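Where a number appears in this text, it was derived from the coordinates with a stated rule and is not lab data. All values reported here derive from a predicted model rather than from experimental measurement. Quick reminder, even Gly has a Cβ in these numbers, built from the backbone with ideal geometry, and neighbours come from all protein chains shown.
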Amino acid sequence: MFVLPDTFSESNEDYIVVNAVKKFIKCRPDINCKLGESRQVLLSAVVKYANSSEKAEEDTLQWIDSVVKEGIKDLYIKELTEESIEYIQNVDNIYKAIQPILEESREKHLCNNTYTDSMKLVRFQVEEKECLVYTFYLCQCVFIYDGKGDAKVRWYPICVDMYPESGLIVGRGKPRQNMFKYNKDGINLENLERVSPELRIQKGMQYILDILNISCKGVVEVNWKLKNCLYKLLEKYTGTPIEIETLMKKNIDKIQNVINVIADDICVGSNKRDIESDIFNLIEKYFSINYEDKEIFTKGREAYPLRISATDEEESKVDQKSAQEHPLQSKAIFFDNKKMMQKSKICDGIAFKFKRKNKTYFDEEFKVRIGVKNNCCHMKFFEYTEEVDIQNVLRLFINA
C-alpha cells in the first residue's frame, strides 16, 4: 500500500506545492477531484489513485521523483576532468559501477525506501531531450529542529545530474535551516550537529564521483571560465534597446563633436578610442536612466539582471543592486562599472529575473542568483521553479 511520506505530505516542507498537484491531477482523468479543493484533499486523491493499480502507483512514484527534483533549489555546478568525461560518455561504465548499490534498494524511487544518516543511491535515470542527462537520486535522514517542541525526522533528497556532452556535474537540493545530523537513537539537544545543505549537496556530488572513480577540475582550470560564462550571460541580456540606439543615432553628430573636443583640444595625447568608449557609455547611461518606459530593458528578453557582483584587476568590489527589482540596466551604477567588466570579461555573480516557459500555474517570472567561487558555480532558485525552467537556465549558462 502506497503512503506519502511526511517529508512530502507536509505543506511547510514545500517539496510538493499545490500547483504541482493540480497539474498532475488535471492530466489524469481517472483522479476524481476538483482542482479547487485544499492541498490535503488533493494529495489524498493522488494517494487513492496511486493505490488503485500497480501502473498508477508507478506513475505516482515517477511524478514524485520529478516534482521533488524541481522547486526552490540550490544548484552547484562543477566541471569534470577530460578523463572523467571520456569515462561517462560510455553509459555502460556507469551502470556497471552503480548496479550493486541500486540492488540494495527496495524500491527504485525516492518513496517506499528506508533511510539512515548515510547517503543512499536509489535511482539512476538517463534522459535525452535537448541534451543527454544522467540523473542520480540520493536520500538520507536528518533531524529538523527549530528549538521548540520535538525534533522531526525528515528525508533530505539530493539529485546529481551529469552532462556527458558538456562535461558538467550538477548537484541540487533544498535550502533549509534548522537541519541536524540524524541519529537512530534519537536527538540529543546538548550535542546537536548542524548540517549544512551546501555541504550535504556537495557531499552527494562527491559520493557519485567516488562510486564512478572520476574527478572534477581544480580552481585554476575553471574559475575564470565559469566567471566568463556569467559575463557572457550578462552581456547577452543587457544589449542596448532599439529605443536608446535611436536616440543616440539622432545625436551622433553632437556626441562625436564632444569626443573630438575632449580628445583633440582638452586631453591631447590621450587614447581617443578610450575617450570615445567612455563618452558613448556616458550618453547611453543618461538616456537609459531617464527613459520613462523601463519595459524596454525587459521586453522580448528571456532574462534581465537585478544585481551584479564583479571584481576588477585591483580587487575593488562591484556590488550593484537594482532598487525595487527594476532592471539593473536602467540604473546609473550599471554603466558606472560596465567598462571594468568589459575589460576583464568576468563576473563573480548575477541575480537575474527569468521568464517562465509555462505560466499556467505560476508567476510569469522567477528569480535566480548565480555566483562563482573557487571551482564551483552556485545557482539559487528563490521561487518554485519547474524542471523545464531550471534546465533552461542551466542550458543558457552552459552555452554562454
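For the chain, calculate the relative contact order in percent as a whole number, restricting contacts to Cα pairs under 8 Å that are 6 or more residues apart. Don't jump to the answer; show the numbers that get you there.
Numbers: 624 pairs, mean separation 64.2, N = 400.
For the chain, the relative contact order is 16 percent.
Using the alpha-carbon centroid of each, what span in Å lies between the stretch 357-400 and the stretch 24-43? Here the answer is 28 Å between Cα centres.
In the frame of its principal axes, the stretch 239-300 has Cα extents of 42, 18, 16 Å, reported largest first. When the GluC sites (Glu not before Pro) in the stretch 342-395 are filtered for DSSP coil states and for at most 10 other beta-carbon atoms within 10 Å of their beta-carbon, the remaining sites are E364. Can you give the log10 of the normalised intensity I(q)/I(0) at q = 0.19, 0.21 Å⁻¹, computed with Debye over equal Cα scatterers of the stretch 58-131? Summing over Cα pairs of the stretch 58-131 leads to -1.14, -1.29.
Any of K227/K338; K227/K299; K285/K331; K26/K108; K78/K203; K73/K353 with alpha carbons more than 18 Å apart? Name them for me.
Values: K227/K338 15 Å; K227/K299 26 Å; K285/K331 8 Å; K26/K108 26 Å; K78/K203 13 Å; K73/K353 15 Å.
Going by Cα-Cα distance, K227/K299; K26/K108 fall outside the 18 Å limit.
What do you get for the angle between helix 219-236 and the principal long axis of the chain? Use alpha-carbon atoms, 0 to 90 degrees, nearest ten. Approximately 70 degrees, to the nearest 10. Once Rg and the Kirkwood radius are both taken over the C-alpha atoms of the stretch 6-68, their ratio Rg/Rh works out to 0.92. Taking a ≥ b ≥ c as the square roots of the eigenvalues of the Cα gyration tensor, the stretch 207-275 is oblate, since a/c reaches 1.5 or more and a/b is not larger than b/c.
The Rg/Rh ratio for the stretch 127-272 is 1.28, where Rg is the radius of gyration of the alpha carbons and Rh is the Kirkwood radius. Loop-located GluC sites (Glu not before Pro) across the stretch 62-127 with a Cβ neighbour count of 10 or fewer within 10 Å are E103, E104, with loop assigned by DSSP.
Structural size metrics of the stretch 139-190, computed from C-alpha coordinates, are Rg and Dmax of 15.2, 49 Å.
Express in % the proportion of alpha carbon pairs of the stretch 324-365 at distances exceeding 14 Å.
Working: 548 of 861 pairs.
For the stretch 324-365, the share of Cα pairs beyond 14 Å comes to 64 percent.
Which of the following values of Cα extents along the principal axes in Å was calculated from the structure shown: [x] 65, 55, 36; [y] 68, 50, 48; [z] 85, 50, 47? Step by step, Cα extents along the principal axes in Å for this structure corresponds to label [z].
Counting other Cβ atoms within 10 Å of each Cβ, which trypsin sites (Lys or Arg not before Pro) in the stretch 265-302 have at most 12 and sit in a DSSP loop? Each step should come with its number before you reach the end.
Values: sites: K272, R273, K285, K294, K299, R301; in loops: K299, R301.
Counting only loop positions with at most 12 other Cβ atoms within 10 Å, the trypsin sites (Lys or Arg not before Pro) in the stretch 265-302 are K299.
Comparing V68, V160, H378 along the charge dipole axis of the chain, the residue lying farthest to the positive side is V68, per the Cβ-charge model.
Counting 0.36 nm for each residue step from I266 to R176 and taking away their Cα separation leaves a gain of 26.6 nm.
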